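The values are calculated or read from the model by the stated rules, or taken from the named source; none is laboratory data. Note that this is a predicted model, so its numbers are computed, not measured. Note: ideal-geometry Cβ built from the backbone for every residue, glycine included; neighbour counts use all protein chains shown. These accessible areas exclude ligands, DNA and RNA; they are computed on the full protein's heavy atoms, side chains included. Shrake-Rupley method; radii C 1.70, N 1.55, O 1.52, S 1.80 Å.
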Amino acid sequence: MDQNKNNTSINFHGGIVVSQSFHPHTCVHLQPTNASVHTHCKPFFNLIFFAGISLFLFSCSISKQINKQATAILFKDTTVSSGYTGISIYEPSTGKYWYNHDATKNLVPASNVKLFSLYAGLKYLGDSLTGLRYQQTDSGLIIYPTGDPSFLHPDFKTQPVADFLKSKNNLIYCTQHFKEALGAGWAWDDYMDDYMVQRSEFPIYGNLVQISNNKGLLSSTPKNIALYIIKGAENYGDSIAYKFSRKWDSNDFTATPDPLVAPQNLYTIPMVANEQESVRFLQDTLQQSIRLTATNDLFHFNNTKFQRIHSQPADSLFAPMMHNSDNFFAEQTLLMASNERLGYMSDEAMIDALLKTDLKDIPQQPQWVDGSGLSRYNLFSPQAMVYILDKMQTEFGISRLKTILPTGGTGTLKRYYLKDAGYIFAKTGSLSNVIALSGFLFTKKGKQIIFSVLVNNFQGSATRVRRAVEEYIEGIREKY
């Protein structure tokens, strides 16, 4: 981010005023050609001088006023103040920060990490997702995984890849042997919760098992999982809830009646999603045998012998990823971008590549380990969040981002920013004792700002922190 854009120096050459960009430490060069020019320009110099002083005082005034609001609403709140807060507020049209409070300190950002995964997706996935690469050979049709999470996912009604594969036979699945199903620093005991779905090279059914209860008869999708039901459970019909368990590395599920929770008709549970299981589920879906293989030629996707099938419009993935804070979509977006950029799927390698190239001018170097923000190993500064939002707006346009990010009353902001909805477009983030919000704000005076508020290690109600941040952001909108 160029914090100094729109700054100018004034040079006089033969009485002509020239405006050019300059660094904050660059001196103003005045080169009058004669005393007459100097005399005539003196009032202009005075005007420029006082305008500069006025702008400086105005900036200081805004910063002080915003700090007063932060103190009254956030820092004096007993819950917020029990933790640690970083804030950055930036006006992209002037390239100026309105306010910074510990804005260069790295904090746990939770799902605000998805903003960086979104950038990777916007940068490298194009307008449509590559759902499959394939190559016709004498021995069969070789298919190459791309990490596309939409394959047979219930939220995507059209399935071009599935339709294509159903029309073919003699399929050979070429694996990358992707092994990083769970991210660094993820909570291991959450592996049965549907917000921590396993990553994979060839997702199928969203890497979730769906188990339905129809009058006590349990059935699953995909159908060929092992589902064990505790004897006698069938006597309860659909009047009782179930608790499901499976071993860490197995897709054998056990259903146990759970009278302590309300009954439900549908359960979604993460499944093991390695290449062997993906092939097994794919065989069952296509009703044909599929060979599993690997080749050193896998990564040369620019070779003309590979063909592509596009599956979904890219924004049809990005919008639910941001609106619902979908961890699985975010993880797969980063892996797909890695596949396009590097020729193989590795979040670690892709993160390293991004930070060394596209994001090399990030103001503070983050500690970035996954695509979703599930890991507490992630550490980003508020200014880094402002930076990525500004970069996305510059490269992809605010109109597109408005369709991807939730606004007040939608997605994860469903119960927040309801007054005059449509003035904020932002990404939420939450983990235990962590609340984050970063996005775009349009003020009542017609200003557009980019902001980031990261609150860590507070003790107390997360809702109270969210409401305090809401009051603070809405106060800025009202006043400026």
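Tell me, in nm to one decimal, what length is gained between residue 188 and residue 102 on full extension, where the rule is 0.36 nm per residue of separation less the Cα-Cα distance?
27.8 nm
Which value, in nm² and rounded to one decimal, describes the direction-averaged projected area of the C-alpha convex hull of the stretch 214-297?
Taking the Cα atoms of the stretch 214-297, their convex hull projects to 7.2 nm² on average.
Tell me which residues come under 5 Å, amide H to amide H, from residue 103 once H is placed; ignore anything under 5 positions away on its chain.
When sequence neighbours closer than 5 places are left aside, the close amide H contacts are 87.
Output ³J(HN,Hα) for the stretch 95-107: one whole-Hz value per residue in order, computed from phi by the Karplus curve 6.51 cos²θ - 1.76 cosθ + 1.60 with θ = phi - 60°, and x for Gly and Pro.
Running phi through 6.51 cos²θ - 1.76 cosθ + 1.60 with θ = phi - 60° gives x, 10, 7, 7, 7, 9, 9, 6, 7, 9, 7, 7, 10 Hz.
Order of 161-168, 118-125, 427-434, 313-320 by packing, highest average Cβ count within 10 Å first?
So the order, starting with the most tightly packed, is 118-125, 427-434, 313-320, 161-168.
Taking R0 as 41 Å, what FRET efficiency do you get between residue 164 and residue 215 from their Cβ-Cβ distance, rounded to the nearest 0.05?
Once rounded, the FRET efficiency stands at 0.65.
Heavy atoms only, probe 1.4 Å: what % of the accessible area of the stretch 321-438 goes to carbon and sulfur, would you let me know?
47
Could you work out how far the C-alpha centroid of the stretch 139-205 sits from that of the stretch 333-394, in angstrom?
Value for the Cα centre distance between the two parts: 22 Å.
Let me make sure I get this right: for the stretch 306-407, a, b and c are the square roots of the gyration tensor eigenvalues over alpha carbons, sorted descending. Under 1.5 in a/c it's rounded, otherwise prolate if a/b > b/c, else oblate. Which is it?
Rounded, since a/c falls under 1.5.
Can you pull a Stokes-Einstein diffusion coefficient for the stretch 158-245 at 4 °C (1.567 mPa s), Rh from Kirkwood over Cα pairs, as a whole number of µm²/s?
Roughly 79 µm²/s, to the nearest whole number.
State the number of lysine pairs found in the stretch 266-404 whose Cα atoms come within less than 26 Å, restricting to pairs 8 or more positions apart or on distinct chains.
Count of close lysine pairs: 4.
Could you give the length gained on full extension between residue 288 and residue 360, defined as 0.36 nm per residue of separation minus the Cα-Cα distance, in nm?
Extra length available between residue 288 and residue 360 comes to 21.2 nm.
Suppose all protein chains stay in the model; what accessible area per residue would a 1.4 Å probe give for the stretch 157-302, in Å²?
Accessible surface, normalised per residue, equals 53 Å².
What net charge do the residues around residue 480 carry, taking every other residue with its C-beta under 12 Å from that of residue 480, with Lys and Arg at +1 and Asp and Glu at -1?
Surrounding charge for residue 480 is +2.
If you take the square roots of the eigenvalues of the alpha-carbon gyration tensor of the stretch 370-430 and sort them as a ≥ b ≥ c, do you get rounded (a/c under 1.5), prolate (a/b over b/c) or oblate?
oblate
Return the tail of the calculated pair distribution for the stretch 156-305, meaning the percent of Cα-Cα pairs more than 28 Å apart. Before the final figure, lay out the partial values.
Values: 3444 of 11175 pairs.
Summing the P(r) tail past 28 Å for the stretch 156-305 gives 31 percent.
If packing is taken as the average number of other Cβ atoms within 10 Å across a peptide's residues, how do 451-460, 352-361, 274-283 rank, most packed first?
Descending mean neighbour count gives 451-460, 274-283, 352-361.
I need the phi-derived Karplus couplings for the stretch 363-374: 6.51 cos²θ - 1.76 cosθ + 1.60, θ = phi - 60°, integer Hz, Gly and Pro marked x.
Working through the residues one at a time gives x, 10, 5, x, 10, 10, 10, 8, x, 9, x, 5 Hz.
How far apart, in nm, are two points set 7 Å out from the Cα along the Cα-to-Cβ line at residue 157 and at residue 467?
In this crude spin-label approximation the distance works out to 4.0 nm.
When a/c is below 1.5 the answer is rounded, else prolate if a/b is larger than b/c, else oblate, so apply that to the stretch 95-237 with a ≥ b ≥ c taken from the square roots of the Cα gyration tensor eigenvalues.
oblate
Take peptides 243-254, 136-147 and line them up by average Cβ neighbours within 10 Å, highest first, as a rough protection proxy.
136-147, 243-254
For the residue pair residue 377 and residue 410, what label-to-label distance in nm results when each label sits 7 Å from Cα along the Cα-to-beta-carbon direction?
3.4
Quick one: in the stretch 92-131, what % of C-alpha pairs are over 15 Å apart?
Values: 511 of 780 pairs.
Everything past 15 Å amounts to 66 percent.
If the stretch 226-270 were replaced by its equivalent ellipsoid, with semi-axes equal to the square roots of 5 times the Cα gyration tensor eigenvalues, what would those be, largest first, whole Å?
One finds semi-axes of 19, 12, 8 Å for the stretch 226-270.
On full extension of the chain, what length is gained from residue 262 through residue 137, given 0.36 nm per residue of separation minus the C-alpha to C-alpha distance? Don't skip to the answer; put the middle values down first.
Working: separation 125, 0.36 × 125 = 45.00 nm, distance 5.35 nm.
That pair, residue 262 and residue 137, stretches by 39.6 nm at full extension.
Based on Cα positions only, what radius of gyration and what Dmax would you give for the stretch 110-174, in angstroms?
When restricted to the Cα atoms of the stretch 110-174, Rg and Dmax are 14.9, 49 Å.
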